[in-house]
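Heads up, the thing below is written out as structure tokens.
The values are calculated or read from the model by the stated rules, or taken from the named source; none is laboratory data. This is a predicted model, so every value here is computed, not measured. No Cβ is skipped: glycine too gets one built from the backbone with ideal geometry, and neighbour counts run over all protein chains shown. Just so you know, the surface numbers come from the protein's heavy atoms only, side chains and all, with ligands and any DNA or RNA stripped out. Shrake-Rupley method; radii C 1.70, N 1.55, O 1.52, S 1.80 Å.
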Amino acid sequence: MPAIGTKDALTEFRENLRAAPKRILETAFRTGLPTTDRSRSTFVFGNVFLHLHSVRTHRWSLRWLTTAGLGIATLAAFLITLVTGVLLMFYYKPYPEVAYQSIKDIHFVVPTGRFIRNLHRWAANVMVVTVILHMARVFYTAAYRRPREYNWLIGIALLVVTLALSFTGYLLPWDQLAYWAITIGANIAQSPREVTDALGITEWFDPGGLQRLLLLGSDTVGEEALIRFYLLHVMLLPLVLAALLAVHFWRVRKDGGLARPDDADDILARERREETYPVFTEQPQKTYHLAAIVRGRTPAVGRGPENTVPSMPHLFYAEFGVLMLTVAVCLLLSLLWDAPLKELANPNVPENPAKAPWYFLGLQEMVSFSAFMGGIGVPTIVLIGLGLIPYLDREAEGTGRWFGGPGGWPLVRLSLLFGFAAALGVEAFAIRFGWLREWFPNIHQLAITVFNPGTVLTALYAAFSIWAMKRHNSTRAGALALFTCFLCGFTVLTVIGTYFRGPNWEFFWSPADWPGH
Amino acid sequence: MTTQVSPKRSRLDPEPMPRRDWLGLGALWAMAVSFLFATVGMMRLPKAAVLPSPSKKFRVALPETLAAGEPFVPPGRSVALFRDEEGVYAISTVCTHLGCIVKPAADGFECPCHGSRFAPDGEVRKGPAPKPLAWLKVSVSGSLVTIDEGTTVPQGTKVA
Ligand code: HEM
Ligand code: FES
């Protein structure tokens, strides 16, 4: 018998049942609506995803000019490829010929299939563009410096994985374009043989052959290669990317938020006309005592939170805005242009010209002089050079400022000029007069491997940046020159490869001049 | 209970490593080594031991009217066959640059991918190809020619 004055179990059960939805919400979110500074903070650090952000964000980070939203745009594009990619997996079958048919089905039969495929393709392209722009933004604002060196390295890894994702995805439709791009790609992996053959040691030491074998799982591009690329594309690389992203974001936070100039507070004070934003509307609930026992520089210590605002809503709304904008751009592109699908792969007749996706055409242009140097040598040098930037330039001047540091914008302008002129000059020379093999048919292959337009351009750029470093007596000036030249070279080679190369990889002023088309 | 008094050591002598630290280090290294072996073991799997590639030999009949130096490309194969006074020979049409299929042309072969040109005997004339086109092993029995795409022979090897 229940004691008098207490509810019986049945009543209690009924009340609990009625209150359950509300309680589920309460236990999930713990806080009420984020209306006060306190609940805004708990909103952030009580959520496993949001707490990658700190609770408060410096105003400097929220300026449009600080990031242009490019990191978030890259993330947004990645999320779009994730969602649309999973949808495509419902129908895609990774087996030669069947793969082609399944893509055809997706394109022509599956409801919304074409649209989802377009979105996947376009988001992948947008991601490549934004990741390069994001890297350029970080570089030009000198945001890679202490304590952010390591995050720059993580960024380089992200760049490589992003490109690898695009490349592996390119094979999956098993059409002519895919087949020949992969054949070329796999043989680039094998191209260390260009050197080992020339030295006559391939029989004992064949890293090229091993790389190709691991990539293709066979000595021809066939079903084994397709399943490997599929595995990489839908499983391995996305997992690696996600893991790296987690580290990347965590680091942004742990490195003290985004890089900003020392006088950021003064600049903000000058810029802002209206009265200072009310910082804490009540006593802060989060204490910084922990910070005292954490090693390293913690930005919140001794700096004061004057110029920070709660991440919820300020930062999140900005991020959400960038996400929506990226989605809108991808939607628009997908509505306007369909993803391409050529004929079924034919191992006997190469596509002519056989072109890789646009962001690899700069590489293809270099490869058309030397497979090893263009496909492996120069890219490796470039990646190592990019990765070392924060370790070679350890100056402090200009951090957080566009084109900050000695030399500044005038040096960047000069580097643009030199970078474009050198790339165009070397290319024009090679196109007009040919290269060593045409002049000396019996020349040793190693001579071409070492001395070709790709390596000449690299050497010119290196020399120019050393000159800039001396001239301004600053490592940052050297870095500014080198990075700008790299962007110029990438642009020139990519544009030539995309628009000015036709059948047999010959130079044409316009596709209208291509023979037999 | 008495505790053992250790023999007197100079203050300058280094602390001997306590046994527990030593065991701990050993365990750590053992773990590192086993992880290394596990990784190497995992790498063994993707490196195929048996290649699932079809037989590289095939047999064709040359057209009766094939003129000296004129190429004959069997349908679906990447080999060009020739016959002249000295005999029959086969040149692979797989470009030595990056593996596109070259086309026989008036003065040799041309590659559509990066513009390599080869002489009629396969020597590189132009472009990025690092090596001459491969000559393949052929054997003749009556009117039939057997080509082994998997075996290369020295340039100039012709079979009567
Ligand atoms: C999948 C690719 C990538 C994603 C999704 C990504 C995302 C982000 C995001 C969201 C931020 C916060 C600030 C911002 O939006 O700019 C950031 C900062 C940063 N990223 Fe990336 N990133 C990627 C690749 C890269 C690359 C290629 C580099 C350079 C090589 C890089 C280096 C950095 C550095 C150093 C910061 C800190 C910048 C600062 O403190 O101002 N990231 N990244
Ligand atoms: S594959 Fe023949 S020239 Fe590149």
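Observations, loosely collected:
- Of residues in region A:302-358 being away from chain B (no Cβ under 14 Å) and of a type in the set (Asp, Glu), the one farthest from the chain's Cα centre (by Cα): A:Glu306
- Selection count, region B:118-128, where residues are more than 9 Å from ligand 2 (Cβ to nearest atom) and either at the interface with chain A (Cβ under 7 Å from one of its Cβ atoms) or crowded, with 20+ Cβ neighbours inside 10 Å (or both): 5
- Criterion applied to A:Leu50, A:Leu82, A:Leu75 was being in the same structural domain as A:Arg251 (by TED's automatic domain parsing) and surrounded by fewer than 20 Cβ atoms within 10 Å (Cβ to Cβ), and the one residue passing it is A:Leu82.
- Within region B:72-87, if we keep just the residues that are in contact with a strand residue (DSSP E or B) (Cβ under 6 Å, 6 or more places away or on another chain) and open to solvent by less than 50 Å² (accessible area, probe 1.4 Å), the residue that is farthest from B:Leu144 (Cα to Cα) turns out to be B:Ser78.
- Any chance A:Asn16 is outside any helix (DSSP H, G or I), open to solvent by less than 80 Å² (accessible area, probe 1.4 Å) and over 30 Å from A:Tyr140 (Cα atoms): no
- Selected residue [buried (at least 17 other Cβ atoms within 10 Å of the Cβ), more than 24 Å from the chain's Cα centre (by Cα) and in the same structural domain as A:Glu427 (by TED's automatic domain parsing)] from A:Arg476, A:Arg471, A:Arg501: A:Arg501
- For region A:358-403, residues that are within 16 Å of ligand 1 (Cβ to nearest atom) and among the small types (Gly, Ala, Ser) total 5.
- Complete set of residues in region B:102-117 that are among the hydrophobic types (A, V, I, L, M, F, W, C) and within 10 Å of ligand 2 (Cβ to nearest atom): B:Val102, B:Phe109, B:Cys111, B:Cys113
- Tabulated pairs, region A:374-395, first within 14 Å of chain B (Cβ to nearest Cβ), second at pLDDT 90 or above and more than 16 Å from ligand 2 (Cβ to nearest atom), C-beta under 6 angstrom, 6+ apart or interchain: A:Val378/A:Thr458
Let's see how each residue does on (1) touching a Ser or Thr at 6+ places or on another chain (Cβ under 7 Å); (2) open to solvent by less than 40 Å² (accessible area, probe 1.4 Å); (3) in a helix (DSSP H, G or I):
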| residue | (1), (2), (3) |
| --- | --- |
| A:Met312 | no, yes, yes |
| A:Val327 | no, no, yes |
| A:Lys342 | no, no, no |
| A:Pro350 | no, yes, no |
| A:Lys355 | no, yes, no |
| A:Leu361 | yes, yes, yes |
| A:Met366 | no, yes, yes |
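- The residue list A:Asn151, A:Asn187 contains one member that is touching a residue at least 24 places away in the same chain (Cβ under 8 Å), under 30 Å from A:Gly400 (Cβ atoms) and surrounded by 19 or more Cβ atoms within 10 Å (Cβ to Cβ), which is A:Asn151.
- Residue list for region A:428-468, restricted to those being within 14 Å of another protein chain (Cβ to nearest Cβ), of a type outside the set (A, V, I, L, M, F, W, C) and buried (at least 16 other Cβ atoms within 10 Å of the Cβ): A:Arg437, A:Gln445, A:Thr449, A:Asn452, A:Pro453, A:Gly454, A:Thr455
- Check on A:Leu239, in a helix (DSSP H, G or I), more than 14 Å from chain B (Cβ to nearest Cβ), closer than 22 Å to A:Phe360 by Cβ and at pLDDT 85 or above: no
- Meets criteria (more than 16 Å from ligand 1 (Cβ to nearest atom) and on the phi > 0 side of the Ramachandran plot) for B:Gly24: no
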